[in-house]
Amino acid sequence: MTENGNWHILIPQNLEKTIWTGLIRVEGEEFQIQIELPRDKNIKHASIRGDWRLVRHLSKVQGTLESRLKSAVDPKAFMQEVCSLFDNIKASKTGTHSHGVVDDSPLYQRLVEEVETLGWEMVTNLESDLSQFKLTCNYSSDKTHNVTVQVHSEVQHPSNPPVSATALQDDFQLHWTPKLCLHDVITQFEGFLLKYRSFWEEMAEIDNDTWVLEPEKPGPMDVSRRIALGSNFSIQIVVDPVHPRMLPQCRFLGADNVINPVRKLLNTNLHAWNSHSSLLTNLRNILEVDFPTPAESQVQDFKEECGICYSYSLDSVIPDQVCDNPHCNKPFHQTCLYEWLRALPSSYQSITGVGFNILYGECPYCSKAISVKKLNER
Ligand SMILES: [Zn+2]
Ligand SMILES: [Zn+2]
């Protein structure tokens, strides 16, 4: 406890006493604080989390805070220090004390005001000198996107645009004028997210209701999906993120006898594509198939390993060459099959015309005719 009516409590949250939560009361305001110690319980390496208002107050004295943390012996002693730091801030405000480094620069004040307008809950990460913020936008109930905003120095803000970055590939371009503030960054970022909202909704339906074989963990800007249709039979779609309900590029992978009827259906039913329905609904209707769903099947049912190297994923490529013999249907990696056929004296390659760069030979399993395109010619 300190004088001036400031006080704190701190309670360990686990038997090991590595996590402590507490409350700190400063000038009538209460702030939550959590101290997490590493396994060796060395407080020098503790991580401190707190209410953003508290973090904001303490960010003004970051340097002092760090040196106090280094000299503290345990969390309780550290809390004592935090409390006394507040006394210093208060004292320095009233001019009776010179401890504590309070940043009173116009830039700092301006940024604090800007974040206050925005709401501290929008900030998920913050550098103590306010030179970098991570601002978060929700685009659906369970997904968020972050934009990191870097403000350089007093000279440049707001006359020069802050640097912004996102995890999205199609990078968000900030349109800046000196009259803008952080709130405008969020408004622009929300507008950017809105552009892809329906794309993410369409892809989420596919990711939830079908078995996506590739990519294994789709990122927000992955426009392609390979969806299982059956054993060694899949469709690869490439979606236009701006017009996600338009007919995507489709490529079927599997044995000819399985692919051909579905390819025919796609062509026959194409006129029935209805952009008022979801992408998945359209694919179901046009292809006249029920996609295997995670609710009623295992992904392993559709992940048969390569018949040559016996692995599924080879340099992130999955076996997409399938023997056309309906009684065989063995899948192979393109690389494996190409190398296999090339090593056989009975294989031959056409050197002119349509079949150029195609290697013909026999399936390693059933000895029926099989062919593979030369590598990098997919
Ligand atoms: Zn293989
Ligand atoms: Zn075969």
Practice task
Find all pairs meeting these conditions: Cβ atoms under 7 angstrom apart; at least six residues apart or on different chains; first residue within the range 298-316 and aliphatic (A, V, I, L, M); second residue within 16 Å of ligand 2 (Cβ to nearest atom) and open to solvent by 60 Å² or more (accessible area, probe 1.4 Å).
Solution key: 308/340
Fill in the blank from the handout: The residue from 163, 155, 147 that alone is over 18 Å from the mean Cα position of the chain (by Cα), outside the structural domain of residue 222 (by TED's automatic domain parsing) and either surrounded by 12 or more Cβ atoms within 10 Å (Cβ to Cβ) or at pLDDT 70 or above (or both) is 163
Problem - Residue that is surrounded by the most Cβ atoms within 10 Å (Cβ to Cβ), among those in the range 320-345 that are assigned to a loop (DSSP other than H, G, I, E, B) and within 10 Å of ligand 2 (Cβ to nearest atom) - result: 323
Problem - residue 314 vs. criteria hydrophobic (A, V, I, L, M, F, W, C) and at pLDDT 90 or above - result: no
Handout entry: Flag for residue 164 being within 30 Å of residue 368 (Cβ to Cβ), in a strand (DSSP E or B) and hydroxyl-bearing (Ser, Thr, Tyr)
Key = no
Practice task
Among the residues of the range 266-281, write down those that are closer than 13 Å to residue 244 by Cβ and of a type in the set (A, V, I, L, M).
Solution key: 279, 280
Fill in the blank from the handout: Of the candidates 265, 229, 182, the one satisfying the condition of being in the same structural domain as residue 285 (by TED's automatic domain parsing) and buried (at least 16 other Cβ atoms within 10 Å of the Cβ) is 229
Completion exercise
Selection over the range 295-308 where residues are open to solvent by less than 50 Å² (accessible area, probe 1.4 Å), part of a loop (DSSP other than H, G, I, E, B) and away from ligand 2 (no atom under 16 Å from the Cβ) yields a count of 1
Handout entry: Per-region count, the range 269-317, residues touching a Phe, Trp or Tyr at 6+ places or on another chain (Cβ under 6 Å) and within 16 Å of ligand 1 (Cβ to nearest atom)
Key = 5
Practice task
Among residues belonging to the range 238-258 that are buried (at least 19 other Cβ atoms within 10 Å of the Cβ) and among the hydrophobic types (A, V, I, L, M, F, W, C), point out the one that is nearest to the chain's Cα centre (by Cα).
Solution key: 239
Problem - Identity of the residue in the range 346-362, in a loop (DSSP other than H, G, I, E, B) and in contact with a Phe, Trp or Tyr (Cβ under 8 Å, 6 or more places away or on another chain), that ends up modelled with the lowest pLDDT - result: 350
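The values are calculated or read from the model by the stated rules, or taken from the named source; none is laboratory data. As the structure is a computational prediction, the values presented were derived from the model and not from experiment. We place every Cβ from the backbone using ideal geometry, glycine too, and count neighbours over all the protein chains shown. SASA here: full protein model, heavy atoms, side chains in, ligands and nucleic acids out. Shrake-Rupley method; radii C 1.70, N 1.55, O 1.52, S 1.80 Å.
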